[in-house]
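Working notes for the structure below.
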Amino acid sequence: MAEAQGELAEEVVAMAAEYLKNGQVVAAASGYAFDELAPDRPEIAPLSILTDGEWSWPSDLSYYVQKYQVGLPEEFLQHAAARGWRVQKLAPEELEEISENM
């Protein structure tokens, strides 16, 4: 994560972070994510896996994008931009299928 700091273009940081925050929970854990790049390791959020139906990511990724501008795959950025930076709501059956295939 540390090596990816500052790699995301500033003009997409807010849109990408919001897109990531709006993913739907496909799997949840009982623990919390902590800021691995900060010396005092503050708590970020409950740890879960989010999805938009095609891509999946950890729940703390939006935090790292917002705070540290960590880079994201170009394919993901193109995908999110093509959707107008909006995550579409998935049906419960779709979420269950994604969860089973993880």
Which of the residues that make up segment 1-13 are open to solvent by 50 Å² or more (accessible area, probe 1.4 Å) and farther than 14 Å from Ala80 by Cβ? Met1, Ala2, Glu3, Gln5, Gly6, Glu7, Glu10
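Might you check whether a residue that is exposed (fewer than 11 other Cβ atoms within 10 Å of the Cβ) and not in a helix (DSSP H, G or I) occurs anywhere in segment 90-99? Spell out how you get there, then give the answer.
Initially, segment 90-99 is screened for residues exposed (fewer than 11 other Cβ atoms within 10 Å of the Cβ), giving 91-93.
If we keep only those that are not in a helix (DSSP H, G or I) too, we end up with 91.
Yes; the residues of segment 90-99 include at least one that is exposed (fewer than 11 other Cβ atoms within 10 Å of the Cβ) and not in a helix (DSSP H, G or I).
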Hey, any hits in segment 57-71 for a residue that's closer than 23 Å to Ile98 by Cβ, surrounded by 11 or more Cβ atoms within 10 Å (Cβ to Cβ) and touching a Lys or Arg at 6+ places or on another chain (Cβ under 7 Å)? yes
Some residue of segment 14-35 being at pLDDT below 95, open to solvent by 60 Å² or more (accessible area, probe 1.4 Å) and in a loop (DSSP other than H, G, I, E, B): no
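The values are calculated or read from the model by the stated rules, or taken from the named source; none is laboratory data. Just so we're clear, the structure is a prediction, and the values are computed from it rather than from any experiment. Ideal geometry is used to build each Cβ from the backbone, glycine not excepted, and the neighbour counts take in all protein chains shown. Just the protein is used for accessible areas: all its heavy atoms, side chains included, with ligands, DNA and RNA removed. Shrake-Rupley method; radii C 1.70, N 1.55, O 1.52, S 1.80 Å.
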